[in-house]
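The values are calculated or read from the model by the stated rules, or taken from the named source; none is laboratory data. Just so you know, these numbers come straight off a predicted model, no measurement behind them. Glycine also receives a Cβ, built like all others from the backbone with ideal geometry; neighbour counts cover every protein chain displayed. The accessibility values were calculated without ligands, DNA or RNA, using every heavy atom of the protein model including side chains. Shrake-Rupley method; radii C 1.70, N 1.55, O 1.52, S 1.80 Å.
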Amino acid sequence: MKFQGTFTRALQGDFGRWEVTFTTHDKESALKLKTQDNTKQLAIDVVEWREKRSKDANAYFHVLVDKIAKKLNQSLDDVKKRLVCDYGAVACIARIPATANLDDIYKYTKLIGESKGTKEPCNDWYIFKPTHTLDTKEMATLIDGTVQEAQQLDIETKTPQQIAELVSLWGQE
């Protein structure tokens, strides 16, 4: 179960146990938790909440990719890959044998260079998240970089106010 809330307090209880309290407006999740068997252990992962990016933000990114591709006379896939690899979020770094080309396996990769200290020749690669998995902060970074490139090519972009509106809509869909 995943829901949004804020940390309220932590109280030390008996036998070295702690009681941790969160506050939420998600009544359904709270009621579901209330009916849990409190003798069973739960895995609890507390992370900062980030709204998913809106479909409007993703659509706007793709509109700009299309305009940039046309202006540069390049394929949509090539332009999208370059933008994701320049402004997107790194999912992980992989070390693979130098004889393998990660570009043949996964779409959003960037070669870092030859690995040092390995017995066999290897290369290190950045592996980037696909755009549909980005959170609001990551998507905002991708759109900002894409907008800057579009503007450098004299491609009309949304005004800062319109872009701010897109940002304000994130998570409302």
Amide H within-cut-off set for residue 122, under 5 Å, with H built and near neighbours excluded: 98, 115
Of every Cα-Cα pair in the chain, the percent that sits beyond 25 Å: 54 percent
Phi to ³J(HN,Hα) by Karplus 6.51 cos²θ - 1.76 cosθ + 1.60 over region 68-73, Hz, x for Gly, Pro: 5, 4, 5, 5, 8, 6
Nearby lysines by direct alpha-carbon distance to residue 70 (threshold 30 angstrom, same-chain neighbours under 8 apart not counted): 52, 55, 80, 81, 107, 110, 129, 137, 158
Apportionment of accessible area to carbon and sulfur, the chain, percent (1.4 Å): 51 percent
Rounded accessible area of residue 133 (nearest 10 Å², 1.4 Å probe): 60 Å²
Rg/Rh ratio calculated on Cα atoms of region 1-79 (Kirkwood radius): 1.31
Which of 3, 61 is most accessible, then next, and so on - probe 1.4 Å: 3, 61
Intensity falloff of region 77-130 expressed as log10 I(q)/I(0), Debye formula with alpha-carbon point scatterers, at q = 0.14, 0.20 Å⁻¹: -0.35, -0.67
Placed amide H near residue 22: partners under 5 Å, 5+ positions off or other chain: 8
Those trypsin sites (Lys or Arg not before Pro) in region 1-65 that DSSP places in a loop and that have at most 16 other beta carbons within 10 Å: 2, 17, 40, 50
Unit charges on C-beta of K, R, D, E only; dipole of the chain, Debye: 280 debye
The chain: calculated mean residue ellipticity at 222 nm from DSSP helix runs of at least 4, using -39500 (n - 2.57): -12000 deg cm²/dmol
Within a Gaussian network of the chain (alpha carbon springs, distance under 10 Å), most fluctuating of 83, 111, 142: 111
Potential extension, residue 137-residue 73 segment - 0.36 nm per residue separation minus Cα distance: 20.0 nm
Listed residue (105, 155, 142) projecting farthest to the positive dipole end of the chain, Cβ model: 105
